[in-house]
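Data first, discussion second: the structure below is written as structure tokens.
The values are calculated or read from the model by the stated rules, or taken from the named source; none is laboratory data. Worth saying up front: this structure is predicted, and the values here are computed from it rather than measured. FYI the Cβ positions are ideal-geometry reconstructions off the backbone, even for glycines, and counts take in every protein chain you see.
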Amino acid sequence: MPSLISPTFSSRFHGLFLNDDWKISKNLTLNLGIRWEYEQPYTEEQNRLTAPMDLAAPLPELAGARQPAGLQQYYSGPWNLTGAFRFTTGDNRGAWNSDNGTWSPRAGFAYRLGDKMSLRAGFGRYVTPWTLGAEDQFGPATQGFSNYTDAPPSVLGVPQMKLSDPFNSSFPIQPSIGNKYGIYTGIGGGVTFFAANRPHPYSNRLNISLQRQLPKGIVADVTYFLNRSSQVNNVSYNINQVDPRLSIQYGSATNATVPNPFYHLAIPNPFPGSLWNQSMVGIISLAKPYPQYGNLTVIDGISGGNMTFHSLQVKVTKSYSAGFTLLAGYI
């Protein structure tokens, strides 16, 4: 059951490029260039975007929550009652932190090996814009302003919602409440946000080409091409996962219920749902680093996932003459 707004997103992109050729000698020409690009983080005209969460910030209203004894015998991992929700503001309007832009160098040369042969090589770095990723194309999160009320999870296999009365007083529809609850926005549910300092994906490309003029206007070209990409564009990952080894080690015992430490706990209910309204919850739902939240999904670009591509390209071209031209290639 959605409760949505129609946000107006914007993002500006700026780029500058300088390039020049130098004739070093009759046989050697250098080509050097540099490109600077700046991609502004997403903004929204009324500052209704989700900003990066501060996972270390305390949540005073949750200080009274205690880990149930029934949980402690199975889970000994971190149990952090921290993690302040943030909205964009007039002073910090971006959905993530802006940077100073990226620099992409270019360099190449052409060397004459005689009247009929030449050697060329070039290197360039290419930066991938954030907005090419699926998460960016479909818009950043507007938590609190655009909400979905999902069915609560089942307890011991028993559904907690009836089709005859799906949104009753104990599980009402989540309204669009804006930023009314401040740092407590999203408690009891999932939150999606951009990493504060998102790295740009980029690729380094190198090509070396040997060209030879053959009889009858034919030119043969043999090129080696290398493309190495670093970072991964827009990886979404949940930092609040349950360790799957618990279910493997303890089996069905983790399906038992325990008293809910967040049941009607002090604060008003920002997002009505099972966590705040159910007196009993499953052990497994509390066995995670930030038990007061569901999934904490971070949209990020991470190191690793590097890809390397090699190719050898052979091309033969015949200039137009005697009524025909020819282009043949093999990779």
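Per-structure values
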quantity	calculated
Filter result for Phe109 (in contact with a strand residue (DSSP E or B) (Cβ under 9 Å, 6 or more places away or on another chain), within 29 Å of Leu18 (Cβ to Cβ) and outside any helix (DSSP H, G or I))	yes
Within the range 55-68, considering residues that are free of Cβ contacts under 8 Å to residues at least 40 places away in the same chain and in a strand (DSSP E or B), the one farthest from the chain's Cα centre (by Cα)	Pro58
Subset of the range 115-165 that is of a type in the set (S, T, N, Q), over 30 Å from Gln40 (Cβ atoms) and in a loop (DSSP other than H, G, I, E, B) - its residue that is modelled with the highest pLDDT	Ser164
Residue in the range 288-300 that is surrounded by fewer than 16 Cβ atoms within 10 Å (Cβ to Cβ) and at pLDDT below 85 present	no
Filter result for Glu39 (surrounded by fewer than 11 Cβ atoms within 10 Å (Cβ to Cβ) and under 24 Å from Thr142 (Cα atoms))	no
Members of the range 186-213 found to be crowded, with 17+ Cβ neighbours inside 10 Å, of a type outside the set (Phe, Trp, Tyr) and closer than 17 Å to Ala107 by Cα, listed by number	Ser203, Asn207, Ser209
Only listed residue being more than 30 Å from Pro244 (Cβ to Cβ), at pLDDT 90 or above, in contact with a Phe, Trp or Tyr (Cβ under 7 Å, 6 or more places away or on another chain) and not hydroxyl-bearing (Ser, Thr, Tyr), chosen from Leu16, Leu32	Leu16
Filtered residue count, the range 10-36, keeping only those that are loosely packed, with under 12 Cβ neighbours inside 10 Å, over 30 Å from Ser118 (Cβ atoms) and not hydrophobic (A, V, I, L, M, F, W, C)	3
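Here's the yes/no breakdown for (1) in contact with a Lys or Arg (Cβ under 9 Å, 6 or more places away or on another chain); (2) within 30 Å of Thr325 (Cβ to Cβ); (3) in contact (Cβ under 8 Å) with a residue 60 or more places away in the chain:
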{"residue": "Ser118", "(1), (2), (3)": "yes, yes, yes"}
{"residue": "Arg125", "(1), (2), (3)": "yes, no, yes"}
{"residue": "Ala151", "(1), (2), (3)": "no, no, no"}
{"residue": "Ser169", "(1), (2), (3)": "no, no, no"}
{"residue": "Asn179", "(1), (2), (3)": "yes, no, yes"}
{"residue": "Tyr202", "(1), (2), (3)": "yes, no, yes"}
{"residue": "Arg205", "(1), (2), (3)": "yes, yes, yes"}
